[in-house]
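A.B. asks: Dropping a structure here in structure tokens format, bear with me for questions.
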Amino acid sequence: MADTILLPPDDEPPPTLDEPPVLTEDEAAALDDASDDELEPPRRTVVDPIPAAPRPPMPRGRKIAIALSILAAILLVAGAYVYLFVVRYEPLARRHIPGNANLVARFELADLALFGPVREHLVPLFFDAAPSEGLKGKTRADHVRAATGVNLATDLRELVVASVEGSTFVAIISGKIARGRFVKGLAAVAKEEAWPGAWRVSGDLLIGPDGVAIGQADDGSILLGTNEAIVIAALPASDDFTRLALPERGGSSFAVTHEAWSGAAGAAVVAHASVLRKIERASGTFNLGKSPEISMSIEPSEANPAAALAGEIEQLLAEMRIVALLLPDRVGEKGALQAAKVTSRDGRVLVSAPWSYEALDGGCARLAGLIRVGLSAGPEALPRH
């Protein structure tokens, strides 16, 4: 039958996979002999290694290239360090322009210090020998640095001069300046060098003759004003300077608001001065070099076409040239007035005038003389002009 399962006899149980096969004595002995032969490690033949061929010497050109690459990497790192921690600075002076200022001028101090007349006549004032008996062999700049932490040669980067109504002024200096030390340090310098006049510390300000005030903002900026009020107004940082549209490029620039022009129109004695009230604002640059030149862009107020305004400004300049003939020439302003050119373009009036290098040099020399006399003899000894 197809479904019938055949079972082995009872005396022969079926083989299982879990039980190893049973070997005879001869089979077991043969297996042991074979295992011993397989477990014996094979004999190895030792072969001497072939020596490597010596490397050819590095070409001299490659050595130079590697050395130059290393030098370039070092210079790159050093340059980045100098830029980030020595050269680079955030221009902070403009953030301290008083909110009601209407006339502002900005100078990059490096460019200003390198300008011939300034370098020759004014810069030496800070690097003269200090007058104190205890500081022989050191300059005034060394004395200031020791007392305030400010290196006059490297720390000062930007100068902004701002005026309110043309009657009060504040000079704001920013750069890599140590914070919180300048006022008291400078007071110590004034005392030790016996500066003329009554210098005293009042609160956070150093007050000098005629009410001159010196202060330092929280960001390190130094402020020198004609009175306490304008310095106090300039101490807080703000974004009020943006309304002035002060040009940020170039070694020097300036901006004049409508209020300043209107004030000038009221103070002027020439017939066409009223045209100044038609100016909304003006800005420009002053090129410092062997051929100094001033350039100004004037924005007319509404309902005053630029071409018509340019014609009226020409008439005003003609009148001013006549009046200037009766006045002394201080720093070359009469020559600049005579050579001024007026044009109109793209809705603006453009005014440019070359300035005499020699006249600026003479002006800086006279200013340096006044400062020297003031530092040595007091304000009463200053010549009156």
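A.B. asks: Looking only at the range 163-216, which residues are in contact with a Pro (Cβ under 6 Å, 6 or more places away or on another chain) and closer than 17 Å to PHE126 by Cα?
C.D. replies: Within the range 163-216, just GLU193 meets the criteria.
A.B. asks: Another question about this same structure. Taking the range 196-219, which residues are within 15 Å of ALA93 (Cβ to Cβ) and out of contact with any strand residue (DSSP E or B) (no Cβ under 7 Å at 6 or more places or on another chain)?
C.D. replies: Within the range 196-219, ASP218, ASP219 meet the criteria.
A.B. asks: So, one more: Within the range 331-350, count every residue that is closer than 23 Å to ALA255 by Cβ and touching a helix residue (DSSP H, G or I) at 6+ places or on another chain (Cβ under 7 Å).
C.D. replies: 10
A.B. asks: Could you check the range 331-345 and list, in sequence order, the residues that are over 18 Å from VAL269 (Cα atoms) and either of a type in the set (Val, Ile, Thr) or in a helix (DSSP H, G or I) (or both)?
C.D. replies: VAL331, GLY335, ALA336, GLN338, ALA339, VAL342, THR343
A.B. asks: For the range 181-203, give me each residue that is touching a residue at least 24 places away in the same chain (Cβ under 8 Å), surrounded by 12 or more Cβ atoms within 10 Å (Cβ to Cβ) and part of a loop (DSSP other than H, G, I, E, B).
C.D. replies: ARG181, GLU193, TRP195, PRO196, GLY197 - these are the residues of the range 181-203 that are touching a residue at least 24 places away in the same chain (Cβ under 8 Å), surrounded by 12 or more Cβ atoms within 10 Å (Cβ to Cβ) and part of a loop (DSSP other than H, G, I, E, B).
A.B. asks: Then there's this: Among residues belonging to the range 268-312 that are among the charged types (D, E, K, R) and within 30 Å of ARG119 (Cβ to Cβ), point out the one that is surrounded by the fewest Cβ atoms within 10 Å (Cβ to Cβ).
C.D. replies: Within the range 268-312, the match that is surrounded by the fewest Cβ atoms within 10 Å (Cβ to Cβ) is LYS290.
A.B. asks: Collect the residues in the range 204-218 that are under 25 Å from the mean Cα position of the chain (by Cα), in a loop (DSSP other than H, G, I, E, B) and either outside the structural domain of ILE177 (by TED's automatic domain parsing) or within 15 Å of GLY185 (Cα to Cα) (or both), keeping them in residue-number order.
C.D. replies: Answer for the range 204-218, where residues must be under 25 Å from the mean Cα position of the chain (by Cα), in a loop (DSSP other than H, G, I, E, B) and either outside the structural domain of ILE177 (by TED's automatic domain parsing) or within 15 Å of GLY185 (Cα to Cα) (or both): just ALA217.
A.B. asks: Turning to a different aspect of this structure: Mind checking which pairs have a first residue in the range 105-119 that is buried (at least 17 other Cβ atoms within 10 Å of the Cβ) and a second that is aromatic (Phe, Trp, Tyr), Cβ under 6 Å, 6 or more apart or different chains?
C.D. replies: ALA105/PHE254
A.B. asks: Does ALA162 satisfy being at pLDDT below 85, among the hydrophobic types (A, V, I, L, M, F, W, C) and in contact with a Leu (Cβ under 9 Å, 6 or more places away or on another chain)?
C.D. replies: It is false that ALA162 is at pLDDT below 85, among the hydrophobic types (A, V, I, L, M, F, W, C) and in contact with a Leu (Cβ under 9 Å, 6 or more places away or on another chain).
The values are calculated or read from the model by the stated rules, or taken from the named source; none is laboratory data. All of these numbers come straight from a predicted model, not from anything done at the bench. So basically every Cβ, Gly included, is an ideal-geometry build from the backbone, and we count neighbours across all protein chains shown.
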